[in-house]
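This report refers to the structure that appears directly beneath it.
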Amino acid sequence: MRLSRLRTARRSGTRTMAALVTTALVAIGSAPVADAYSAAAPLSSLVDPLIGSSNGGNTYPGATLPQGMIAWSPTSTTGDQTSTGAANGYHYGTTRVRGLSLTHVNGAGCNPGAAGDVPIMPFVGDVTSSPSADTRDAVYAADFSHDDEKAVPGRYTLGLKSGARADLAVSSRAGVADFTFPRGSSANLLFRVSNSLNGSEDAHVDIDAAHRKVTGWVLTGAFCGRRANGGTNNRKSYYKLYFSASFDRAFSSVGTWKDGTLSPGSTTASGGEGYATGADRAGRGSGGYVGFDTSADNDVHMRLGISYVSLKGAEGNLREEIAPRASVADVAEAGARAWDRELGTVRVQGGTTARRTAFYTALYHALMQPNLVSDTDGRYYGMDGVVHRLARGQRAQYSNFSGWDQYRAQIQLLALLRPTVAGDFAQSLYNFAQQNGGVWDRWVHISGATHVMTGDPSAATLATFYAMGVRNFDYAGAFDSLVQQATVPHPDGLSDAGCPGQCEGQRPNLAQYLDSRYAAQDVCHCWGGAAETLEDAVADSALGRWARLLGRDAPAEEFTARGAYWRNVYNPGATAGAGYVQARNLDGSWVTPFDPGSDRGFAQGTSATYTWMVPQDVQGLAAAMGGRETAAARLDGFFHKADGSWSVRGGDPLRYDPTNEPGIHAPWLYNALGQPWKTQATVRQIVDTVYGTGPSGLPGNDDLGTMSAWYVFATLGVYPQTPGSANLLLGAPVFTSAVLDRPGGKDIVISAPDAGDTHVYVDAVRHDGSTLDQSWVGAGLTLDGGRLDFDLAGQPNTSWATDPGTLPG
C-alpha cells in the first residue's frame, strides 16, 4: 500500500528469555542453523535495519525479534507533536526525536499508520511545564546525529545531542534499557502514554516510587483512519496496550501532566489526545515522569514488559522472557542469536557484501511479521472485545495482516520458511473472523478490523498456505467460512462507510457481483469496480484451487469459473490500439472517458498496471490481447520507454511501478508468454537499480515485508506463480548457491555456479538432476524439497522453455 495514495513460552514450544539468558543465551524458538555455518560470521551482522528508512520505505530501525510483539524504536518529529517524519514514526532525514516508542508496524503506507505507542523520552533538564503543551516539540525533544545511532537486529542505541543516551534490547514481548545522562545533570524519563502515532482515546499512568515502577496503558487504534474518506471512518479505538516498567534505582522526583497542566509530585494521570491532527489534538494528552540523581551515578537500568491483555500480562511477559538481572548486552546477544536462526533459514553464498546485506535485510524485514498479540500465558484480546485463550494445538495468536499487499509474496515466503508460524497465523485470522461475525477483514491490526484496501486477500492467503503444505490450522473450517463470505451477501456489502480505501464490505455488493459477474462501478460500494473484480477473481481462483486439493469438486468448479470473471472488465476496444481492463456500470456500459493512465475504477494503480493483474490466467489474458506475441510486445512497452530504455523505477502511470503491489508480479509474466529471457533481464534490472543498500534501498513502502519478500524471491531466482498454488516461476539467481531450510523436511538447494553481474540469463536448468525445459517448477519442490541447478550465461537462450505446451498458465 503506497503512502502517496490514498508464546506462552511453554504453549508455543519455546523457552523463556529468562531461561535463555541464564543458560548460555540460546536463541528463542527458531530452527538451528546448519553446522556448516556454525563458524561463519553471524548472519545478523549482515542486516542493516536502516535500509528502507527513507524513500517512502517506512521501515523502522529499532529493536525487535522475529514476529515480535515489542518493537522499540524512535518517534521522530518535524516540529508538530501530532505528526512525525514518516508513517512509522521514523525517517532517516528527520534527526529530532520525542521518544522511543514500544510498538511499530513495518513499512505500512498510511501516515501515520499505526502504533508508536508509549514513547519514552530521556530528557536532560528540569520538567517545568506539561510536555503535552509543547506542541512544536521545541522543549521535550532532542536532536541527534546518525553518527550516534546504531541499529542491529534486536538492539538499538541512540545518543542525543542533549547528552542523554539510550541502549535498548528486546525479547519477544519485553525489553531492557540503559539510559545514561550527563553526570550532575537533571535527568528524567518522560512516559508520554497518550502520544501514539494516531493519537489516543484515553491513556493512564501510575508511578509507584516505593517499588520503583511505572505502569500504564493507552487506548488507541484508528489505523489509517484519518486518511481514508476524510477520516470519517475507523476513527475508533480497538486495542489497549499495557506496559510495566521497573528500575534498578530510586526516583529523585516524580510528576504527571494532563493537557496543559503539570503536577509535580503527582503519581497518577489519565487522558487521551483524540485522533485529530493539528490544533484539534495539539496540547492534549497525559503522561508521567520520573527523575534521577546523577551526581554519583548517571546510569539508569529499566526492565519493561508489554501486553494487549492486561497489566498482569505485561508483568508476566517480562518475568517469563527476561531474567531479573539480565543486562542489555545479555538480552541483545540472545536476540541476535534468535535472528541468526531466523535468517539461517536461507543460506546464500556468492555475491558482493552489499548484495548479501540487501538480501539478509530483506529477509529480516520479510520475517518480522506476523506479530505476536498473545501473552506467554496464552491469552489474547479478540476482535469481539473478549479475552480468549489459545486453543489446543495453536502456539501463538498473531496479527498485523496487510492482506492486499502480503498475499502476493510475503505469505508465500512465510509458508516456505516458517510453515508452523504460517499455520498459527492462518488460525489466528480464522479466530478473528469467528469473533467478527464470520467476516474476514482484509487488513487486521492487533485486534481490529480496519477494512483497508480492496478484494478478499484472506481467501488468497489461506488457500496459498494450504497449497504450500501448511496444515496446522482448522483448514476445513476456515475454507467453509471463506466460502460463506464469498457466496452469501452481508449487509455491510451495501455500505459506503469508509469508501474509498476502507470500505466496510469485505465482498462489496456481492449479490450484484454474482449476478453481473463483475463489480459495477456505479453501485459496487467499493474502492473501484475494475480493481474489485480483478481482486475477487484472484481470490476465487485460489479458493477453487484449494477446493480441488480438499476434494471438494462442486466448489472447485464454481470458484474456478469465478476466477475468470476478469474477462468481464477487459474491454478489447478500450483504445484504438489495444484492449485494457476498464470499469463498467451496472447497465453494462463502460465507464468513460477512459485513459489507461487513469486510476478511475482502480485502487492505488492505473488500468495500465491492473490490466496485467491476472496471474491465475495469463494464457487467457494473452489470448484476449491477440496472442502471446502481441502480449509480450505490450509487456515490453510496460517496462521500456519508446526509445527502448528501461522504465522500472515508477512515476509513469503507463508503465511498471515497483513501489506498489498490483504489478509486482508483472516481470515474471514473460515466462507464460514464451519469452523467459525477458523475465530474467527485467528482474535483474529491477534488482540492480531499484533495490539496494542504505536508507533508500527499498523502492517504496515495505508493506509488512512484501517488497522485501519480492527481493528475496527475485534474487533466489524463483517467484510464486499465483495465489492458491505452490508452483514457482523460474528466473536467474544472483547467488552462486542458496539453501532453504525446510523445517522437518528436505532442504531446497539452488545452485548457480556462474551467477554474477555478467551472467543474468538462464541457459539450462536441472531439477533433481533431470533436465527441466520449462520456466516453472511444480509443487513437489515446495512440498518435498529438492535441488535446482542453473547454468547461467551472458547472453539470452531464446530457445529454453519456449515450447507452448510447457508454458505456465
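Couple of notes before you dig in:
- Cross-chain or 6+ apart pairs with Cβ under 8 Å, the range 759-774 first and aromatic (F, W, Y), then buried (at least 17 other Cβ atoms within 10 Å of the Cβ): Y761/W677; Y761/Q680; Y761/A681; Y761/A732; Y761/L792; Y761/A793; Y761/P796; Y761/N797
- Some residue of the range 761-768 being in a helix (DSSP H, G or I), in the same structural domain as N727 (by TED's automatic domain parsing) and not hydroxyl-bearing (S, T, Y): no
- Candidates G107, G56, G125: the one that is out of contact with any Asp or Glu (no Cβ under 6 Å at 6 or more places or on another chain) and within 25 Å of C224 (Cβ to Cβ) is G56.
- Filtering the range 83-126 to residues that are crowded, with 24+ Cβ neighbours inside 10 Å, hydroxyl-bearing (S, T, Y) and either part of a loop (DSSP other than H, G, I, E, B) or not assigned by TED's automatic domain parsing to the domain that holds W72 (or both) leaves T84, Y90, T103.
- Some residue of the range 321-338 being modelled with pLDDT of 95 or more, touching a Pro at 6+ places or on another chain (Cβ under 8 Å) and buried (at least 24 other Cβ atoms within 10 Å of the Cβ): yes
- Check on R471, surrounded by fewer than 24 Cβ atoms within 10 Å (Cβ to Cβ), part of a helix (DSSP H, G or I) and basic (K, R): no
- Within the range 316-334, residues that are over 25 Å from Y380 (Cβ atoms) and among the charged types (D, E, K, R) sit with their Cβ atoms under 8 Å from residues that are modelled with pLDDT of 95 or more and surrounded by fewer than 24 Cβ atoms within 10 Å (Cβ to Cβ), at 6+ positions apart or across chains, in these pairs: D330/A323.
- Any chance G588 is in contact with a helix residue (DSSP H, G or I) (Cβ under 9 Å, 6 or more places away or on another chain) and not in a helix (DSSP H, G or I): yes
- Restricting the range 334-357 to residues that are assigned to a helix (DSSP H, G or I) and of a type in the set (V, I, T), the residue that is farthest from S172 (Cα to Cα): T353
- Counting only strands (runs of 3 or more DSSP E) that fall entirely inside the range 690-760 and contain at least 1 residues that are under 21 Å from P676 (Cβ atoms) and over 22 Å from the mean Cα position of the chain (by Cα), the qualifying elements are 728-730, 737-740, 748-751.
- Evaluating D377 against the criteria (1) acidic (D, E); (2) in contact with a Gly (Cβ under 9 Å, 6 or more places away or on another chain); (3) more than 29 Å from K240 (Cβ to Cβ) leaves one unmet condition, (3).
- Qualifying residue in the range 617-634 (condition: outside the structural domain of T802 (by TED's automatic domain parsing), surrounded by fewer than 20 Cβ atoms within 10 Å (Cβ to Cβ), outside any helix (DSSP H, G or I) and not hydroxyl-bearing (S, T, Y)): no
- None of Q412, Q397, Q427, Q406 is outside the structural domain of K240 (by TED's automatic domain parsing), in contact with a Pro (Cβ under 6 Å, 6 or more places away or on another chain) and of a type in the set (S, T, N, Q) except Q412.
- Residues within the range 759-809 that are touching a strand residue (DSSP E or B) at 6+ places or on another chain (Cβ under 9 Å), surrounded by fewer than 17 Cβ atoms within 10 Å (Cβ to Cβ), over 18 Å from W668 (Cα atoms) and not acidic (D, E), tallied: 8
- Pairing residues of the range 781-809 that are farther than 26 Å from R628 by Cα with residues that are part of a helix (DSSP H, G or I), at Cβ distances under 8 Å and at least 6 apart in sequence or on separate chains, gives T782/L416; G786/G780; L788/L781.
- Taken over the range 635-647, residues that are part of a loop (DSSP other than H, G, I, E, B) and either of a type in the set (F, W, Y) or closer than 14 Å to A681 by Cα (or both) amount to 3.
- Checking each residue in the range 145-169 for being in contact with a helix residue (DSSP H, G or I) (Cβ under 6 Å, 6 or more places away or on another chain) and closer than 23 Å to P324 by Cβ picks out G154, R155, D167, A169.
- Any chance W546 is in contact with a Leu (Cβ under 7 Å, 6 or more places away or on another chain), under 21 Å from Q721 (Cα atoms) and crowded, with 20+ Cβ neighbours inside 10 Å: no
The values are calculated or read from the model by the stated rules, or taken from the named source; none is laboratory data. Here the structure is a predicted model, which is why all the values come from computation and not from measurement. Neighbour counts are summed over all protein chains in view; Cβ atoms, including those assigned to glycine, are modelled from backbone coordinates with ideal geometry.
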